[in-house]
Amino acid sequence: MSETEMTGNIFNFAAGKAKAAAISAATQTDRPEARLVERICAGDGEAFGEFYKIFAPVVHGIVLARVPRDEVDDIVQNVFVSAYKNLHTVRDRNRVGAWLAMIARNLSIEYYRRGKPTEELPEELRQKDDLKTEASEILAAIRSLPETYAETLILRLIEGLTGAEIAERTGLTNESARVNLHRGMKMLRQKLGVRE
Amino acid sequence: MKEDYLWDKTGGDPEIERLENALAAYRFQENDTPLIPSLPAKVLAFEQKPARRFYKLAFAAAACLAFAAAGSGVWFGFYNDKTTNRDSAKTIEPEKIVAPRNESKVDNSPESLVEKTEVSTAGKDGNYKQFARSKFVKVHKNIQPVVYRKGAKPANVEVEAEVKLTAEERYAYDQLRLALSITSSKLKLVKNKVEGVEEKNVARKGGR
């Protein structure tokens with residue numbers, strides 16, 4: 001390869017990167033979430049409140065699929081604090097939901113890494129815990145499913161989101177969300193012993 | 001249809017509705033949500049992002065160009081070694097470089113250092129003088145390597161007395177300088193290009 005060809009190739013590479021960056025910047029504010037992020041980065045506190053209302057159920061469901069019920073609220077809180085601090089680092093603002101979901105999953109994993117100490121329950125509460133309510137059994141069955149299925153089912157059955165909303169706010173495609181729901185529900189029925 | 005209700009809550013499915021009712025206790029309740037703690041007062045401005053992108057892009061381009069320059073320098077040096085003892089060794093004007101053509105009559109005497117001779121001129125005994133360590137060098141037209149001589153100084157040869165480098169070393173040095181100059185010029189082009197893109201983005205955002 002001649003020197004001219006070599007340097008020309010490198011220059012074209014650099015030009016392509018600059019073009020991609022320009023295109024990415026031009027399309028970042030197409031979705032409502034992206035505009036919300038832009039307002040938050042500009043210092044709009046109300047925008048962050050709207051952001052929280054939209055994504056809190058999603059984060060809550062993702063965390064609930066992984067950690068004990070009593071720890072969910074604290075972790076959800078930490079997720080949004082971390083998101084607020086690092087929102088300016090989001091590369092693609094149209095996919096801020098997927099970014100937020102990743103933070104929620106990471107903090108859920110970190111919960112177990114920290115080895116959070118447990119306290120013995122008082123007598124009256126311990127008796128309630130032993131009752132094995134139907135809800136706790138169903139939740140335990142959902143949590144025993146593969147993570148992707150469990151997460152999607154919790155967002156649908158517990159948080160009440162539709163399949164399209166789950167896909168939009170977690171960064172999945174509609175097809176992936178549909179598959180997760182259908183297969184997850186089939187496995188859940190088998191675990192619960194329910195006929196289709 | 002069951003799948004429709006599972007997907008978008010259209011129609012009905014008693015089984016899924018029963019699960020939803022049973023699990024309602026775990027649903028996120030906005031009323032019970034703890035107050036958002038005091039958030040950091042300072043939010044980094046959006047405008048910082050283009051600078052980080054520029055540095056990443058420029059660094060990547062610089063790394064590629066530097067690697068290409070280093071690779072070309074090594075390749076040229078390796079290629080020059082491979083072209084030794086070739087019959088088709090090329091030479092340029094007599095006043096710029098010397099290179100013996102006839103490798104079969106190589107003078108291996110210790111006195112045969114780099115000397116400037118006329119290309120068309122043979123030695124007294126018909127033997128061409130050996131060019132530094134019996135190597136034929138393919139020389140670029142635009143390069144004027146410095147020839148070091150032992151003994152008398154010819155009239156039309158450029159010699160640097162204070163830096164003692166062989167012709168090969170000098171040639172490699174000049175090649176490296178050329179590669180570095182190309183690299184720096186291309187880096188400047190990349191930087192200008194990226195700065196032009198960033199200015200467009202800032203102008204577009206300012207116009208909203």
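The values are calculated or read from the model by the stated rules, or taken from the named source; none is laboratory data. Quick caveat, the model's predicted, so the values are computed rather than measured. Methodologically, a virtual Cβ is constructed for each residue, glycine included, from the backbone with ideal geometry; neighbour enumeration extends over all protein chains shown. When the accessible area is computed, the model is the full protein with side chains, heavy atoms only, and any ligands, DNA or RNA have been set aside. Shrake-Rupley method; radii C 1.70, N 1.55, O 1.52, S 1.80 Å.
Where residues in region B:169-186 are basic (Lys, Arg) and crowded, with 18+ Cβ neighbours inside 10 Å, which of them is nearest to residue B:75 (Cα to Cα)? Outline the logic, then answer.
The first filter runs over region B:169-186 and keeps only residues basic (Lys, Arg), leaving B:170, B:177, B:186.
Then drop every residue that is not crowded, with 18+ Cβ neighbours inside 10 Å, which leaves B:170, B:186.
Numbers: B:170: 16, B:186: 20 Å.
Within region B:169-186, the match that is nearest to residue B:75 (Cα to Cα) is B:170.
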Residue A:105 basic (Lys, Arg), open to solvent by 40 Å² or more (accessible area, probe 1.4 Å) and modelled with pLDDT of 95 or more: yes
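Just checking, which of B:51, B:58 is open to solvent by less than 40 Å² (accessible area, probe 1.4 Å), more than 7 Å from chain A (Cβ to nearest Cβ) and modelled with pLDDT under 80?
Numbers: B:51 fails: open to solvent by less than 40 Å² (accessible area, probe 1.4 Å).
Selected residue: B:58, the only one of B:51, B:58 that is open to solvent by less than 40 Å² (accessible area, probe 1.4 Å), more than 7 Å from chain A (Cβ to nearest Cβ) and modelled with pLDDT under 80.
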Is there any pair with a first residue in region A:34-51 that is on the phi > 0 side of the Ramachandran plot and open to solvent by 10 Å² or more (accessible area, probe 1.4 Å) and a second that is aliphatic (A, V, I, L, M) and modelled with pLDDT under 90 whose Cβ atoms are under 6 Å apart and which are 6 or more apart or on different chains, and what are they? A:43/B:43
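If you scan region A:142-163, which residues turn out to be of a type in the set (D, E, K, R), within 19 Å of residue B:20 (Cβ to Cβ) and more than 8 Å from chain B (Cβ to nearest Cβ)? Quick ask: steps written out before the conclusion?
As a first pass, look at region A:142-163 and keep what is of a type in the set (D, E, K, R): A:143, A:147, A:151, A:156, A:159.
Restricting the remaining residues to those that are within 19 Å of residue B:20 (Cβ to Cβ) gives A:143, A:151, A:156, A:159.
If the condition is that a residue be of a type in the set (D, E, K, R), within 19 Å of residue B:20 (Cβ to Cβ) and more than 8 Å from chain B (Cβ to nearest Cβ), then A:143, A:151 are the ones that fit.
Considering A:147, A:151, A:159, which residue is within 18 Å of residue A:59 (Cα to Cα) and out of contact with any helix residue (DSSP H, G or I) (no Cβ under 8 Å at 6 or more places or on another chain)? Working first, answer last.
Numbers: A:151 fails: out of contact with any helix residue (DSSP H, G or I) (no Cβ under 8 Å at 6 or more places or on another chain); A:159 fails: out of contact with any helix residue (DSSP H, G or I) (no Cβ under 8 Å at 6 or more places or on another chain).
Answer to the check: A:147.
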Does any residue in region A:139-154 that is open to solvent by less than 40 Å² (accessible area, probe 1.4 Å) come within less than 6 Å, Cβ to Cβ, of a residue that is not in a helix (DSSP H, G or I) six or more places away or on a different chain, and which pairs are these? A:150/A:65; A:151/A:65; A:154/A:65
Residues in region A:175-196 that are in a helix (DSSP H, G or I), open to solvent by 20 Å² or more (accessible area, probe 1.4 Å) and facing chain B (nearest Cβ under 9 Å): how many? 4
Filter result (in contact with a Leu (Cβ under 6 Å, 6 or more places away or on another chain) and either under 18 Å from residue B:22 (Cα atoms) or not β-branched (Val, Ile, Thr) (or both)) within region A:164-184: A:181, A:184
Under the condition of being among the charged types (D, E, K, R) and more than 9 Å from every other protein chain (Cβ to nearest Cβ), which residue from region B:171-193 is nearest to residue B:67 (Cα to Cα)? B:177
Breaking point among (1) in contact (Cβ under 8 Å) with a residue 60 or more places away in the chain; (2) facing chain B (nearest Cβ under 10 Å); (3) open to solvent by 10 Å² or more (accessible area, probe 1.4 Å), for residue A:64: (3)
Pick from region A:161-174, criterion outside any helix (DSSP H, G or I) and open to solvent by 20 Å² or more (accessible area, probe 1.4 Å), ranking: farthest from residue A:52 (Cα to Cα): A:173
